[in-house]
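Trainee: Got a structure for you, written out below as C-alpha cells; questions coming shortly.
The values are calculated or read from the model by the stated rules, or taken from the named source; none is laboratory data. In this text, all values refer to a predicted model and were calculated from it rather than measured experimentally. Backbone-built Cβ (ideal geometry, glycine too); neighbour counts: all protein chains shown. Note: areas computed on protein heavy atoms with side chains; ligands, DNA, RNA excluded. Shrake-Rupley method; radii C 1.70, N 1.55, O 1.52, S 1.80 Å.
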Amino acid sequence: MKTKFGIILSIVLLLVLSACGPASPKERKSEEKNGNQKIASLSIHLTNDLLALGITPAGSVVGGGLKDFLPHVKDQLKNTKKLGPAADPDMEALLALKPSAIYMDEEYGGKDLGKFKKIAPVHVFDLDEGTWRDHLKKIGKLVNRDKQAKEFVEDYDKETKEVKGLIQHELGKNSKAMAIRVTAKELRVFGTARPMGPILFDDLGFTPANGVKKVDANQPYQVISQEVLPDFDADAIFVVVNQDDQSKTAFKQMENSSIWKGLKAVKNKHVYVVPDQPWLDYSALGNKMAMDQAEKMFSK
Amino acid sequence: MKKAMSPDARRASGVFTLFVLISIAAILISLNTGTLPIPPLKVIQTFFGYGDFTSTTVLFDYRLPRILITMLAGIGLGISGSILQGLSRNPLADPGILGLHAGAAFGLIVYVTYFHSLNEKASLFIPLFTFGGGVAAAFFIVLLAHDKFKGIMPIRLILVGIAISAGFGAVTLFLSLRLNEDTYLFASRWLVGNVWGRDWIHVVSLLPWIFILGPYAWLQSKTLNVLSLGDSVATGLGAAVQKRRLLLLGTAVGLSCASVSVAGSIGFLGLVAPHLARRLVGPMYQYFLPLSGLIGLVILVLADTIGRAVFAPNSIPAGVVVAAIGAPYFLYLLARTK
C-alpha cells in the first residue's frame with residue numbers, strides 16, 4: 001500500500017510541477033485592444049512617429065553611433081527604457097520590459113521574427129515603402145489614434161505650404177536644390193530617397209539639381225568629390241555637417257576653397273547649414289521639426 | 001593491473017581538473033551576467049526545467065547559445081595556436097598574427113558581398129567561406145615562407161604572415177567599402193572580434209568543426225611532438241614530415257577560421273593560451289594541447305562576459321578585451337625571445 005501511495009504521490013507532484021512550465025505571452029494580448037499599451041519600438045524613426053501621435057514608447061532602441069536617443073527627442077524619452085542599437089537590440093532588456101507590442105523596421109528585423117514574436121505581437125514596417133505619412137497612419141490605426149495622425153499630417157502640410165511660399169519668394173519658382181553632407185572622410189550628396197529627398201523635393205517643391213536623380217534610388221546618398229559640385233548647378237544647397245570637430249574643420253576647409261566660392265548658391269548666399277538631427281531623422285516628428293527650422297530659416 | 005602514471009601525466013591531469021573547475025565557474029558567471037538579473041538559484045532551477053517564461057527564454061535563447069559559441073571558439077583558437085606554434089617551431093605563431101584571420105575576414109567579406117543576406121540557414125556556410133579564405137592565406141604563407149633547403153623558416157613565417165595579413169586586409173577593406181552602411185558596420189564589428197553569433201544555428205555551424213578537428217589534433221600529439229624537434233630529427237624518427245605537416249596545418253586553419261567565423265576576429269588568444277598551458281604542464285602535446293583549448297575557453301568566455309557586463313549597456317567586443325591582455329603578453333614574449 002505504502003509504495004503504491006508513494007508512486008501516485010510522485011506522479012501527482014510531477015504533473016503539478018510540469019504545469020508550472022513556461023507561461024505563454026497570450027494573456028498580454030488582450031491589453032493591446034484596451035489602448036493601455038506598452039510599446040517597444042525597435043526603430044528610432046518609429047519611436048518618433050509614436051511621439052508624434054502623443055504616445056511615449058515604453059522602450060526604444062537608440063541611435064547606433066550616439067549610443068543614446070536622438071538629441072531632438074531625448075527630453076521626451078526620459079521614462080523610456082533603452083534597448084540597445086537597432087542593429088543589435090538588447091533582447092534581455094526587451095524581454096524584461098514585457099511589452100504588449102513590438103514595432104520594428106523590416107530592414108533590421110527581417111531575418112528572425114520568431115525571437116521577437118515569442119515576447120509580444122510584432123508589427124513590421126517597411127520604411128522604404130511610402131512616406132512617413134503612410135507609416136504614421138498605419139501606426140495611428142494600430143493604436144486607435146487615426147484622428148491624431150490625420151491632424152498631424154494636415155498640420156504639417158499647412159506649414160509646408162507656407163514655407164514653400166517663403167522659398168519661392170526668396171529663390172523663385174522651380175529652383176534647383178541639392179543636399180550634401182560633410183563628414184571628416186568624405187563628401188556625400190543625397191539622392192531623392194529618404195531622409196532628405198522627400199522633404200526637399202516633394203514637400204518643399206525644389207527641383208532636384210542636375211545629377212541628384214542619378215543617385216541610386218535605393219541608396220540614401222552617393223560619395224562625390226568636391227570638383228564635381230559645380231556640375232550640379234544648384235540654386236540652393238543644404239549642408240548637413242556632422243557634429244564632430246573633424247567634420248566641422250573639413251567643412252571650413254571646403255568653404256575656403258575656390259570651387260566652393262565659385263558656386264552659384266554660395267555667391268547668392270543660398271547655402272543652408274542644417275543640423276543632422278532632426279533633418280536626417282525620417283519620421284513624422286523629425287520632418288515636422290525640420291520644417292519648423294526651415295520656416296525660421298526662410299522667414300529671415 | 002594498473003599502470004602507474006608518470007609524474008608529468010599526474011601533474012597534467014591535476015592542472016586539467018583545476019581548469020575544468022575554473023571553466024565551469026566562468027560559465028556560471030557568464031550565465032548570470034546580463035541586462036536582466038536572474039538569481040543564481042533560479043538559473044539552476046531553470047536548467048532543470050522549472051524556470052518561468054522569462055528565465056527560460058533568457059537562458060536558453062539568449063545566453064546559452066552565445067556562451068557555447070565563445071566556449072567552442074575559445075577551444076578552437078587555443079588548439080589552433082598550439083598546432084601552429086609546433087609546426088612553425090615558433091612561440092610567436094598565432095592564427096591572427098600569421099594572417100589566417102585576415103584570410104578568414106576576406107572569405108567572410110566575399111560571402112557578404114556576393115551571397116549577401118545573413119539569413120538563418122546561410123549561417124551554416126559562413127565557416128566554409130572563412131575556411132576558404134584561411135586556406136588561401138595559408139597557401140601563400142607556406143609558399144613564401146618555404147625555403148628549398150631549410151624548409152619553412154620560423155622568422156620568415158612571421159614576417160610573411162604580417163605581409164599576407166596586410167595584403168588580405170587591403171582587399172577586404174576595398175570590398176567592404178562597396179558594401180552598404182549596415183553590412184559595413186557588421187564587417188567592421190566582426191573585425192574587432194565581436195561575438196555576433198547569438199543563435200543556436202551558429203552553435204550548430206561551429207560544433208562539428210571543433211568536435212572533429214579538436215580530437216584529431218589531440219590524436220596527432222605524437223606527430224606534433226616530433227615535428228617540434230625540427231625537420232631533420234622528425235624525418236630521422238620516421239615521420240612523413242611534409243604530408244603530416246600539411247594535414248595539421250589544414251587542421252589549425254580549419255579550427256581557427258571556423259571559430260572566428262561566428263565569434264569575430266579574435267587575435268592573440270591562439271598565442272596566449274598555448275603559452276600558459278606549456279608553462280603549466282610542459283611541452284608534451286598530449287598534455288598541453290587539451291589544456292590550451294581549455295585555457296582558450298576560459299579566457300574567451302570571461303572576456304566576453306567582461307565586455308558585456310563591465311561596459312553595459314554599451315558592450316565592447318570580446319576581441320578587444322582579449323587583445324588588451326594578449327598584446328602586452330605578445331610584446332613581452334617578443335622581448336624575451338631575443
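Trainee: Calculate how steeply helix A:132-142 sits against the longest principal axis of the alpha-carbon atoms of chain A, using the helix alpha-carbon long axis, and give the answer as 0 to 90 degrees to the nearest 10.
Mentor: Approximately 20 degrees, to the nearest ten.
Trainee: Tell me the carbon and sulfur percent of the accessible area for chain B, rounded to whole percent, probe radius 1.4 Å.
Mentor: Numbers: 11090 of 15110 Å².
Of all accessible area on chain B, carbon and sulfur atoms account for 73 percent.
Trainee: Further, regarding this structure: 5 Å is the cut-off here: which amide hydrogens, built 1.01 Å from N in the peptide plane, fall below it relative to A:Val274, excluding neighbours closer than 5 in sequence?
Mentor: For A:Val274, whose amide H was placed from the backbone, the distant partners under 5 Å are A:Val239, A:Val240, A:Val241.
Trainee: Grab the DSSP H runs of the protein assembly as shown that are 4 residues or longer, score each as -39,500 (n - 2.57), total them, divide by all residues and round the 222 nm result to the nearest 500 deg cm²/dmol.
Mentor: Numbers: 29 runs with 375 residues, N = 638.
Roughly -18500 deg cm²/dmol at 222 nm, from the helical runs in the protein assembly as shown.
Trainee: Would you mind classifying the range A:159-299 by shape? Square roots of the alpha carbon gyration tensor eigenvalues, ordered a ≥ b ≥ c; an a/c under 1.5 is rounded, otherwise it is prolate if a/b is larger than b/c and oblate if not.
Mentor: Numbers: a/c = 1.40, a/b = 1.25, b/c = 1.12.
Cα axes put the range A:159-299 in the rounded bin.
Trainee: Report the FRET efficiency, 1/(1 + (r/R0)^6), for B:Trp218 and A:Leu113, where r is their Cβ-Cβ distance and R0 is 41 Å, rounded to 0.05. Intermediate results must be reported in sequence, preceding the final value.
Mentor: Numbers: r = 42 Å, r/R0 = 1.01.
That gives a FRET efficiency of 0.50.
Trainee: Continuing with the same structure: Run through the range B:1-57 and list the trypsin sites (Lys or Arg not before Pro) located in a DSSP loop whose Cβ has at most 15 other Cβ atoms within 10 Å.
Mentor: Details: sites: B:Lys2, B:Lys3, B:Arg10, B:Arg11, B:Lys42; in loops: B:Lys2, B:Lys3.
Listed in order of number, the matching sites are B:Lys2, B:Lys3.
Trainee: Shifting gears a bit: Rounded, prolate or oblate: pick one for the range A:24-144, where a ≥ b ≥ c are the square roots of the eigenvalues of its C-alpha gyration tensor, a/c under 1.5 means rounded, and failing that, prolate if a/b is larger than b/c, else oblate.
Mentor: rounded
Trainee: Can I ask one more? Between chains B and A, what is the buried accessible area in Å², counting both sides, with a 1.4 Å probe and ligands, DNA and RNA left out, to the nearest 100? Please list the in-between numbers first.
Mentor: Values: alone 16130 and 16490 Å², together 30570 Å².
Accessible area lost upon association: around 2100 Å².
Trainee: How long are the semi-axes of the equivalent ellipsoid of the range B:16-337, defined as square roots of 5 times the Cα gyration tensor eigenvalues? Whole Å, largest first.
Mentor: Semi-axis lengths for the range B:16-337 are 32, 24, 17 Å.
Trainee: So, one more: Do the alpha carbons of any pairs in A:Lys81/A:Lys147; A:Lys38/A:Lys141; A:Lys173/A:Lys267; A:Lys67/A:Lys269 sit beyond 26 Å of each other, and which pairs? If you can, show how the numbers build up before the last one.
Mentor: Working: A:Lys81/A:Lys147 28 Å; A:Lys38/A:Lys141 16 Å; A:Lys173/A:Lys267 19 Å; A:Lys67/A:Lys269 36 Å.
In this structure, A:Lys81/A:Lys147; A:Lys67/A:Lys269 lie more than 26 Å apart at Cα.
Trainee: What is the diffusion coefficient of chain A in µm²/s, taking the Kirkwood radius over Cα pairs and the Stokes-Einstein relation at 20 °C with a viscosity of 1.002 mPa s? Please list the in-between numbers first.
Mentor: On the way: Rh = 21.7 Å.
Here the translational diffusion coefficient equals 99 µm²/s.
Trainee: Let me ask something else about it. What distance in nm separates the two pseudo spin-label positions at A:Gln253 and B:Leu246, each 7 Å out from Cα along the beta-carbon direction?
Mentor: 5.1 nm
Trainee: Please give the helix A:245-256 orientation as an angle from the longest Cα principal axis of chain A, in degrees from 0 to 90, rounded to the nearest 10.
Mentor: Taking the Cα atoms of chain A, the angle to A:245-256 is about 20 degrees.
Trainee: Could I ask something else about it? Tell me, in nm to one decimal, what length is gained between A:Asp155 and A:Gln219 on full extension, where the rule is 0.36 nm per residue of separation less the Cα-Cα distance?
Mentor: Numbers: separation 64, 0.36 × 64 = 23.04 nm, distance 2.93 nm.
Full extension of this stretch gives 20.1 nm more.
Trainee: Taking chymotrypsin sites (Phe, Trp or Tyr not before Pro) as candidate sites, keep only those in a DSSP loop with at most 12 other Cβ atoms within 10 Å, then name the longest stretch of chain B containing none of them. The partial results should precede the final answer.
Mentor: Working: sites that count: B:Phe48, B:Phe115, B:Phe149, B:Phe311.
Between exposed loop sites, the widest span is B:150-310.
Trainee: Here is a follow-up. Which helices of chain B meet both criteria: a Cα extent of 27 Å or more along the helical axis and a mean Kyte-Doolittle score no lower than 0.5, with helices taken as whole DSSP H segments?
Mentor: On the way: long enough: B:7-31 (36 Å, 1.47); B:64-88 (36 Å, 1.37); B:126-145 (28 Å, 2.18); B:154-177 (34 Å, 1.95); B:200-219 (29 Å, 1.50); B:241-263 (32 Å, 1.02); B:285-309 (35 Å, 1.31); B:318-337 (28 Å, 1.50).
Qualifying helices: B:7-31, B:64-88, B:126-145, B:154-177, B:200-219, B:241-263, B:285-309, B:318-337.
Trainee: Answer rounded, prolate or oblate for the protein assembly as shown, using the Cα gyration tensor with square roots of eigenvalues a ≥ b ≥ c: rounded when a/c is under 1.5, else prolate when a/b is larger than b/c, else oblate. If you can, show how the numbers build up before the last one.
Mentor: Details: a/c = 3.10, a/b = 1.45, b/c = 2.14.
Oblate is the answer for the protein assembly as shown, as a/c is 1.5 or above yet b/c matches or exceeds a/b.
Trainee: Report the label-to-label distance for A:Leu66 and A:Asp202 in nanometres (one decimal), using points 7 Å from each Cα along the Cα→Cβ vector.
Mentor: 2.3 nm
Trainee: Can you list residues whose amide H is under 5 Å from A:Ala86's amide H, if they're 5+ apart or on another chain and H is modeled 1.01 Å from N?
Mentor: Correct list: A:Val62, A:Gly64.
Trainee: Using only Cα atoms, tell me the angle between helix A:284-299 and the longest principal axis of chain A; keep it within 0 to 90° and round to the nearest 10.
Mentor: Its long axis makes an angle of about 20 degrees.
Trainee: For the pair B:Leu159/A:Lys296, report the inter-label distance in nm, with labels modelled 7 Å from Cα in the Cβ direction.
Mentor: Modelled inter-label distance: 6.2 nm.
Trainee: What is the Cα coordinate range of the range B:1-130 on the first, second and third principal axes, sorted by size from largest, in whole angstrom?
Mentor: Computed over the Cα atoms, the extents are 58, 52, 29 Å.
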